[in-house]
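This report refers to the structure that appears directly beneath it.
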Amino acid sequence: MAPRLAGPPLESSAMKIAVCVKQVPDATVHKRIDPETMRLDRSGEAALNPTDLNAVEEALRIKEAQGGEVVLVSFGPGKAADSLRKALAMGADRAVLVSDEAASGSDLLGTSRALAAALERESPDLVLFGQASSDGDGAVLWAAVADRLRRPLISQVASLTVDSSSVTGKRQTEHGYDVISAPLPAVVAVSDAINEPRYPSLKGIMGAKTKPQETLSLADLGLATDSVGNAGSKTSVLQLGPPPSRGDTIKFEDDGSAAQKILDHILERRLL
Amino acid sequence: MRLLVYLEHHEGELEKGSLGVLSKATALGAAVGVVLGPGAIELAVRAGSYGATKAYACEDELLAAPLPQPRVDALATLVEQTGADAVLFAASILASDVAAGLAARLDAGLNWDLTDLVLVDGELVGKRPALGDTVLVDVGWKGSPGIGLVRSGAFDPVESGGSAEFESFDFTTEDFSALATLVEQTQEESSGPSIEEADVIVAGGRGLGSPEAFSLLEELAAALGGAVAATRAVVDAGWYPYSTQVGQTGKNVAPKLYIACGISGAIQHKVGMQGSGTIVAINKDPNAPIFDFCDIGVVGDLHQIVPKLTELVRSNRA
Amino acid sequence: MARPIDFAPEFGAADAVGTPTDPRDERIEVGIAIVGAGPGGLACAIRLGQLLEEHPEVRERLGDVPVAVLEKGKQPGSHLLSGAVVNPRPLRQLFRGRLTMADIPTYGEVPGESVYLMSRRSAVRIPPPPTMRNHGNVILSLSDLGRFLAEQAEALGVAVLPETAATKLLVEHGRVVGIRTGDRGRGREGEPLSTFEPGSDVVAGLTVLAEGTQGFLTGAAIEQFGLEGENPQIWALGVKEVWRVPKPLRRIVHTMGWPLRKSAGYGEFGGSFIYPMGDELVTVGFVAGLEAKDVEFSVHDVLQEFKTHRLVWKILRGGERVAWGAKTITEGGFHSLPRRFNAPGLLLVGEGAGIVNVPRLKGVHYAIESGRLAAEAAFRTLKRGEVSSRVGALDSYDESLRSSRMWKELYEVRNMRQAFDKGFFVGGAKASMMTVTKGRMPNGRFPTHPNSAAPLMRTGRASSYPKPDGKYVFDKLSSVFASGNRTRDDQPNHLKVTTRVRRPVAEAWEWMCPAHVYEVGRDLGGGMVSVEITPSNCVQCGAITAKGGQLTPPEGGSGPEYTLT
């Protein structure tokens, strides 16, 4: 299969950076699963997934260093447009929202399919993702998207350097750290350790409204409606239940033997 | 049911998490292990003692670096050649990327953060916590294979002492899989794990009384091979660094063992650690809210109990 | 006995007023700047939007951003909290010819109502006093309404700017020329962090302050331009919860009496409200004046105590709390109103200016009404080609306020709140007299006393508060969590409070604050203690400003994130 993100050779170091962002329910307090759809209830005000802001910030820094354009790409319901505004206020140039009724209930496959299609259309030099999703719904999207785009992937990046033809990321692993390099175009997922996202300036907030925001339907991307959404999903939520209870609390006062009792319990549960 | 289990390894040892998933798979059906990268052949042979009926290995150059995309190629080839009803991974930074890439490659459903796997009417069903560990969701797969990412440490390895039929295999690689290259790799001799990775966390709150008391926690953590964490109140007071703060405005942790010392258990802290396996609380105040959600609650003086516990742990280890 | 007013912080209006400091080309220019995306500010914005849409030639003169609304919360609605049962008349009027009440998010008209006089073991139903009849009014969530009004304003071309706190009133040559927004990204000692973003001067031909209760710049403006009213302003604190309930509630409920104590000496005045929000939700709240004298007086705990009454238990039983919040309510009434609502380049709207009908506990519709009148007055000035900074240019606003029905209503009940200074029964009798005579008797102006001047006493108030169980009775910290508050821990302290005070004052603050921001600290000898402050708990209710401190706007975007309140 021909590579899909090959663009014209880069003459300058100006880059087109696409940042994949996601709207997540904001009410941390009152998240609930809708008993009818068995999915996270996404009504109630929503905001950008917090680590996506790290990705946006990184994109803005790259643009500030070497010129270029930052495009936000998102897949979600129509009102996702509201939360894109914050990222536009930070300095992103424009936004593309893939939104379609058929898309509700999309799983990793459907979401990655839609995002990959939108990204191909944009043909960016670099695709950035935020590493973690606070609603637990997009855990490893970037790896699936990279596979569909047929481009190299670097994830868990805590420090990133970019030049006109390649990207190098330093990532923290369970054993230490790795430095990985890849030629552009590439897909990079950044961790929240990479930077501190900026606050938008007032001018930025005011200007966000006028920045181009494009909404695409599945048809615009040449995707069949059953390739996403519930119809295109290969996973299902069967039922909800209470978590296994912790069991009763064993509570006692220290009569001098508390430490021994604690150790006994720890050993009994094979935690040492 | 034929389950293919990805066995991750490090420095000549198969990872405990992967072996746990393999043991679980054995209980569900015919478990087949696959090991990739340098030293894979020798390691694959060991898979039998944890229940694998067969083990595949590949030591191709392309798998030398701990990068996900060549592994997707290898597993995709293997699944196409040998078939599988499910492909299971123990979650790790590498495994998560491999699992998701494989899902896209095979157009297979992926369920992650699984804490349990069961068979219902011959179909595989996974269980995963959601909404900050406050509900447990049953999830299934449509089509075959189904891919599962199991939460780190969810299953314990069980040695059954069997042996596995071993087979080496080759795979076809995609043109983009080797574009990412490992430039440098550093193993850190860390002074203990970070709170995000630690299996054991010893945490301190206002009940410590003074910043000096943190040294008691550090000793206990060192004896247990764990990390030290702190509540917002003591971080605010400057007693311990913000990077160790657990809670709503700090980090979320879910270690196997969480020992909360002098912590009242206000909800702002609870939401950062309620997913922990076993919670031990030591507090002078018998009415502290933490006693409502811990597993072992001790009403007493942590300044007495913690050093004693440290001593007992050390002599137990010796 | 100690009084909070004796420990007022070093902070005055001068700290909130200044001249523009940004270089000219960096100042942000808007036509009309409105501070506060509440019902008052947004009604003003919407009406302006409508008028400017109809008169493009006037709109042109206002530049690229004709109307901007600045909101310190994360988004419109995040800091809005009320009961609320609202008179729909001003909403209908605001949207006349464009929308009907069916287009506006409400929970429908009041289905029925009951008023109870409570004691510990009983609830005696009494006929609703005339000031409390709500037939024809609608139930709504103010936070929800705020989001809706903001959308309407944006559709009319208004720029709504969230996460933007207005921290200084810009005044030049005796005229208001705009406001300055607050810095973001400062650390605990005020030091700039890596994300530091300085505030900006927003210059505007006209500034409308619609800040709501404890209006920060409003207070400064009143002092700056000598607009103080006859009586000092006073406040009550309201704390409420929203519950998901298994059985729908089919009437609104108001109560008086228990758990508040009736004798005048305690200074406990207020009552509760229980409103259905559709079939699945119920909101229950308690409101009490901040002149309550017992050191241990805590409206949050009084609310928890109130919930233990059988009447309330029957409504909430089997349910689940889904939201919590707190906010002060302006209570001074007519005689505390500023003597003028305009100054050169400035208009004062809504509750910030004291426009609240206290006996009816209603201010939302007044905010909308005054917002609309302010917009119309501003428009008249613009249309005439007048400069709104000319002295007297905006007097037509004052005129329209004073000739409004709202004004008449405020006058009729002008002494009702103060009547309760002498206790529940005497107050009740006087209040009845006032109602019947439409405020003509008893005559005269009843004084108010600043809440912080009330001497504190100890009567063991806390002994009746129920213990939190995390399911029905809640502690303050878990309630702060339920408000959606995730304020950054290392933000600068936005609460100006003397931290060395007499012990009873510190205790009073600790109990008073619904978010547990203040705690009695170390003993400093001589009856004095230190005060420990956790500013990141603050839900910006404003109680501290009424009781001897000063709430200032914290970093934009911080604080509660109300959605259902």
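In debye, nearest 20, what is the charge dipole magnitude of the stretch B:1-88 about its Cα centre with +1 on Lys and Arg Cβ and -1 on Asp and Glu Cβ, if you could check?
Working: 6 positive and 11 negative charges, 90 e Å.
It comes to approximately 440 debye.
Scalar couplings 3J(HN,Hα) for the stretch C:158-174, obtained by applying the Karplus form with A = 6.51, B = -1.76, C = 1.60 to θ = phi - 60°, are 7, 8, 9, 10, x, 6, 10, 8, 9, 10, 9, 8, 8, 10, 9, 6, x Hz; x denotes Gly and Pro.
Rounded to the nearest whole Hz, the Karplus-based 3J(HN,Hα) values (6.51 cos²θ - 1.76 cosθ + 1.60, θ = phi - 60°) of the stretch C:209-214 follow the sequence 9, 10, 7, x, 4, 6, with x at glycine and proline.
Cross-link partners of residue C:476 among lysines, defined as those whose alpha carbon lies under 18 angstrom from its own and excluding same-chain residues fewer than eight positions apart: B:270, C:240, C:307, C:327, C:467.
Send over the Kirkwood Rh of the stretch B:200-317, from the inverse of the averaged 1/r over different Cα pairs, rounded to one decimal Å. List each step's numbers first, then the result.
Numbers: mean 1/r = 0.0730 Å⁻¹.
13.7 Å is the Kirkwood radius here.
Residues whose amide H falls under 5 Å from that of residue A:47, counting only those 5 or more places apart or on a different chain, are A:24, A:26, with hydrogens built in the peptide plane. Its residues counted as N, the protein assembly as shown yields a C-alpha radius of gyration over 2.2 N^0.38 Å of 0.99.
For the pair the stretch B:70-94 and the stretch C:134-203, the centres of their Cα atoms are 53 angstrom apart. Entry note, chain C: relative contact order of 22 percent, from Cα contacts under 8 Å with a spacing of 6+ residues.
In the protein assembly as shown, the DSSP beta bridges split such that about 50 percent are antiparallel, to the nearest 5. Hydrodynamic estimate: the Kirkwood radius of the stretch C:1-157 over Cα pairs, inserted into Stokes-Einstein at 37 °C and 0.692 mPa s, corresponds to D of 169 µm²/s. Using the Karplus relation 6.51 cos²θ - 1.76 cosθ + 1.60 with θ = phi - 60°, the per-residue 3J(HN,Hα) values for the stretch B:112-119 come to 10, 6, 6, 10, 7, 9, 9, 9 Hz, with x marking Gly and Pro. Amide H contacts of residue C:32: C:67, C:68, each under 5 Å away and 5 or more positions distant or on a separate chain (H built 1.01 Å from N in the peptide plane; Pro and chain starts excluded). Remark on residue A:167: its backbone amide H falls under 5 Å from those of A:182, A:184, a criterion applied only to residues 5 or more positions apart or on other chains, H modelled at 1.01 Å from N. Contact order for the stretch B:2-168, expressed relative to its length and based on alpha carbon pairs under 8 Å spaced 6+ residues apart, stands at 31 percent. Dipole magnitude for chain C: about 2540 debye, using +1 per Lys or Arg Cβ and -1 per Asp or Glu Cβ, origin at the Cα centre. Among the GluC sites (Glu not before Pro) found in the stretch B:9-73, those both in a DSSP coil and sparsely packed, with 11 or fewer other Cβ atoms within 10 Å of their Cβ, are B:11.
Given an 8 Å cut-off on Cα distances and at least 6 residues of separation, report the relative contact order of chain B as a percent. Reported as a whole number, the value is 15 percent. Span-like helix criteria (full DSSP H runs; alpha carbon extent of at least 15 Å along the helix axis; mean Kyte-Doolittle hydropathy of at least -0.5) are satisfied in chain C by C:39-54, C:142-155, C:364-383, C:424-436.
Computed from the coordinates by the stated procedures, all read-outs in this text should not be read as laboratory data. Remember, it's a predicted structure, so these values are computed and weren't measured experimentally. Cβ: placed from backbone, ideal geometry, glycine included. Neighbour counts: every protein chain shown.
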